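Let me begin by presenting the structure, written as structure tokens, before commenting on it.
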Amino acid sequence: KEISALTKIVILACGTAYHAGLIAKYAIEEWAKISVDVELASEFRYRNPILDKNSLVIAISQSGETMDTLMALRHAKEFGCKVLSICNTNSSTIPRESDAVLYTHAGPEIAVASTKAFLTQVVAAYLIGLAIAQIRGALDEEQVANQYSQLQELPAKIEQILETVEPLRTLTREFTNSSSVLFLGRNVGYPVALEGALKLKELAYMHAEGFAGGELKHGPIALIDKGTPLIAIMPIDPLLNEKMNSNVQEVKARGANVIAIAPEGINVPGATHLIRIPETSPILLPILATIPLQVFAYEMAVTRGND
């Protein structure tokens, strides 16, 4: 009943979990046809958000103890809205203070930089999006079943990527002495670009930036120089793909060294290097596109001599 009465959803998270929330926005709005705001938890409690009892707050945290997210959650509850948390740690504070919790069961995250926890957060958000879409009648049972079956195919596709990722490991060594790496994505690939840049900062301790493809001409293109490494996450949608290819040509003309992460069947004429990932539905692309970026960050850290 509460989900049927929802007027909006607000996602609260920090860092990597915030990027999972941005991906969730695309999926939930696409499937459930309901407005979703994604807020940095660290900023949320310092203003007066528009929330009421018909708002659902989704708090995302790997540890369940992220102080900024916990304080934002408490601020949200003052408005009378329900809180659903996505968390990896059983019985931690955030789930205990939520009305409901979806545990991700990713196992312990050994490094500070979240990798498997990020992927499971995104999957959890997909499941929530499909559930809300089903309850609200925005998708029929066949459409939901189709998305579920595509979700279930993802683990095998991830294995496939990991088995064929050796060229990327070799390629990474070419960029060991780069001062900066840029990441470009469109639509659901934009949060993936942000996450790819964050992983490189956290692991390789080097400057990295993620941009939306459409924003390239509004300033970031000035950063492109001869030899600048740029990783482009290619979309599946034909129109978006055409626009992204145009971005690739632009940066190529300025001398960028373009590494394209592209699903099978997607052509990228301007790419210097092409990393293939299996096909999936456009909205599930982040799960597969993120894996090479995690490998890239890991290999860059190792080649730069980081623990």
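The values are calculated or read from the model by the stated rules, or taken from the named source; none is laboratory data. If you're wondering where the values come from, they're calculated on a predicted model, not measured in any experiment. Note: ideal-geometry Cβ built from the backbone for every residue, glycine included; neighbour counts use all protein chains shown. The protein model used for the area step is the full one, side chains on, heavy atoms only, and it has no ligands, DNA or RNA in it. Shrake-Rupley method; radii C 1.70, N 1.55, O 1.52, S 1.80 Å.
What is the Cα radius of gyration of segment 147-225 over 2.2 N^0.38 Å, N being its residue count?
Taking the Cα Rg and dividing by 2.2 N^0.38 Å, one obtains 1.31.
Against the longest principal axis of the chain, how steep is helix 285-303, in degrees 0 to 90 to the nearest 10, with axes from Cα atoms?
Roughly 60 degrees between the two axes.
Give the calculated FRET efficiency between S4 and F79 to the nearest 0.05, with a Förster radius of 22 Å applied to their Cβ-Cβ distance.
With a Förster radius of 22 Å, E is 0.65.
Which entries in K199/K243; K1/K199; K157/K199; K8/K201; K157/K217; K53/K199 show an alpha-carbon gap greater than 28 Å?
K1/K199; K8/K201; K157/K217; K53/K199
Grab the DSSP H runs of the chain that are 4 residues or longer, score each as -39,500 (n - 2.57), total them, divide by all residues and round the 222 nm result to the nearest 500 deg cm²/dmol.
Here the helix-only value at 222 nm equals -14500 deg cm²/dmol.
From the backbone phi of segment 246-256, what are the Karplus-calculated ³J(HN,Hα) couplings (6.51 cos²θ - 1.76 cosθ + 1.60, θ = phi - 60°) in whole Hz, Gly and Pro given as x?
Karplus values, whole Hz, x for Gly and Pro: 5, 4, 4, 4, 4, 6, 4, 4, 8, x, 5.
With θ taken as phi - 60° and the coefficients 6.51, -1.76 and 1.60, list the Karplus ³J(HN,Hα) couplings across segment 155-162 in order, rounded to whole Hz; mark glycine and proline as x.
x, 5, 5, 5, 4, 4, 4, 5
For segment 1-123, what class follows from the C-alpha gyration tensor (a ≥ b ≥ c being the square roots of its eigenvalues): rounded when a/c is under 1.5, otherwise prolate if a/b is larger than b/c, else oblate?
prolate
Return the sequence-ordered ³J(HN,Hα) values of segment 257-265 in whole Hz as given by the Karplus equation 6.51 cos²θ - 1.76 cosθ + 1.60 applied to θ = phi - 60°, using x for Gly and Pro.
Going residue by residue, I get 9, 8, 9, 9, 9, 9, x, 3, x Hz, with x marking Gly and Pro.
Give a quick list of GluC sites (Glu not before Pro) in segment 78-115 that DSSP marks as loop, anything other than H, G, I, E or B, with at most 13 other Cβ atoms within 10 Å.
The qualifying sites are E78.
Keeping every protein chain present and rolling a 1.4 Å probe, give me the accessible area per residue for the chain in Å².
On a per-residue basis, the chain sits at 44 Å².
Please compute, for the alpha-carbon atoms of segment 184-261, the extent along each of the three principal axes and give them in descending order in Å.
Computed over the Cα atoms, the extents are 35, 26, 21 Å.
With label points built 7 Å along Cα→Cβ from the Cα atoms of E142 and L127, find their separation and express it in nm.
Reported label-point gap for E142 and L127 is 2.7 nm.
Would you tally the net charge around Y190, using a Cβ to Cβ cut-off of less than 11 Å, leaving Y190 out, and scoring K and R as +1, D and E as -1?
Cβ neighbours under 11 Å give a net charge of 0.
Are there chymotrypsin sites (Phe, Trp or Tyr not before Pro) in segment 1-59 that DSSP marks as loop and that have at most 10 other Cβ atoms within 10 Å, and which are they?
Taking segment 1-59 and a limit of 10 other Cβ atoms within 10 Å, the loop chymotrypsin sites (Phe, Trp or Tyr not before Pro) found are Y46.
Any idea what the relative contact order of the chain is, in percent, if you count C-alpha pairs under 8 Å spaced at least 6 apart?
For the chain, the relative contact order is 16 percent.
Connecting C-alpha atoms closer than 10 Å in a GNM of the chain, tell me which of A232, A41, A156 has the biggest fluctuation.
Its mean-square fluctuation being the largest, the pick is A156.
What's the center-to-center distance, using Cα atoms, between segment 142-201 and segment 43-81 in Å?
29 Å
Over the Cα atoms of segment 97-155, what Rg and Dmax result, in angstrom?
13.8, 41
Which number comes out as Rg/Rh for the chain once both Rg and the Kirkwood Rh are worked out on C-alpha atoms?
For the chain, the value is 0.97.
Please give the FRET efficiency for I135 paired with K226, using the beta carbon to beta carbon distance and R0 = 51 Å, rounded to the nearest 0.05.
The formula returns an efficiency of 0.45 here.
Express the carbon and sulfur contribution to the solvent-accessible surface of the chain as a percent, rounded to the nearest whole number, probe 1.4 angstrom.
About 52 percent, which is the carbon plus sulfur part of the accessible surface.
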